[in-house]
Amino acid sequence: MLKVSGHIILSQALFGGRKMKRVKPGPGLHVIIGCVRAGKTEAIISLVRLYEIAGLDILKVKPVQDTRSGAEFWSRNGTAVEAVIVTSPDEIFKLVKKRHKIIAIDEVQFFDECLLSVVEKLILAGKYVIVAGLNLDWRGRPFSTSAGLMAMATEEIDFRQAVCMTCGSLHANRSRRTTLNKETVEVGFNYEPQCIRCFVPPLDET
Ligand SMILES: [Zn+2]
């Protein structure tokens, strides 16, 4: 048997033709968090695929602000699963059907804090919610939505780290911006992981 976030996935579920026992997840909140290039989306894709093999119907959503790819969860190593693009957290409610036992949400840092109450209501409605997102912005400040979701977690918080692009350590947890843009959010690939020893917070000019 394989244990995933407190649920028991029966191995029989992997084989067609056999009588299989359905997994009954949730309610709960599983958080995948970390800096850029830490494998967050790869992790949520892996969980989604595992639950789908187990026969569960999963609603997958992502924010419209993530323009790096289309209607899909997309990871840097090339894996992807289809997802629905939403413009606000409230839209998620309209998409949720009774058959959806699991709601997977990627790039949560792009949503405003309204996502917290939406996730809470989903949990209270018996859903198992999996979220993935960045911990800190390029200045090293917490994304409030990500921080709130971490505080609300009922299952594991999967804190992921990357390889520091400056010193090579395996403990990068900051996302350094490689351009001179001063906006809090700049969508794209202009970031690289750094560890706490190498990360130098940019000067606060406000
Ligand atoms: Zn470093």
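Values computed for the structure shown
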{"read-out": "Residue match in the range 72-85 (condition: farther than 27 Å from VAL23 by Cα and of a type in the set (Ser, Thr, Tyr))", "value": "no"}
{"read-out": "Test: residue in the range 89-100 that is within 21 Å of ALA38 (Cβ to Cβ), in contact with a strand residue (DSSP E or B) (Cβ under 7 Å, 6 or more places away or on another chain), open to solvent by less than 40 Å² (accessible area, probe 1.4 Å) and aliphatic (A, V, I, L, M)", "value": "no"}
{"read-out": "Considering residues of the range 29-43 that are small (Gly, Ala, Ser) and surrounded by 21 or more Cβ atoms within 10 Å (Cβ to Cβ) only, the residue farthest from TRP138 (Cα to Cα)", "value": "ALA38"}
{"read-out": "Among (1) in contact with a Leu (Cβ under 7 Å, 6 or more places away or on another chain); (2) open to solvent by less than 10 Å² (accessible area, probe 1.4 Å) - the single one VAL84 does not satisfy", "value": "(2)"}
{"read-out": "Residue ID - modelled with the lowest pLDDT, chosen from residues in the range 101-139 that are basic (Lys, Arg) and either open to solvent by less than 10 Å² (accessible area, probe 1.4 Å) or not in a strand (DSSP E or B) (or both)", "value": "ARG139"}
{"read-out": "Subset of the range 88-105 (residues that are farther than 18 Å from ALA132 by Cβ and touching a Cys at 6+ places or on another chain (Cβ under 9 Å))", "value": "SER88, ASP90"}
{"read-out": "Residues of the range 140-165 that turn out to be within 16 Å of the ligand (Cβ to nearest atom), surrounded by fewer than 20 Cβ atoms within 10 Å (Cβ to Cβ) and of a type in the set (A, V, I, L, M), as a count", "value": "2"}
{"read-out": "Residue that is farthest from the ligand (Cβ to nearest atom), among those in the range 166-182 that are open to solvent by 80 Å² or more (accessible area, probe 1.4 Å) and of a type outside the set (Lys, Arg)", "value": "LEU180"}
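The values are calculated or read from the model by the stated rules, or taken from the named source; none is laboratory data. All values reported here derive from a predicted model rather than from experimental measurement. Using ideal geometry, Cβ is built from the backbone for each residue, glycine included, and neighbour counts are taken over all protein chains shown. Only protein heavy atoms, including side chains, enter the accessible area calculation; ligands, DNA and RNA are left aside. Shrake-Rupley method; radii C 1.70, N 1.55, O 1.52, S 1.80 Å.
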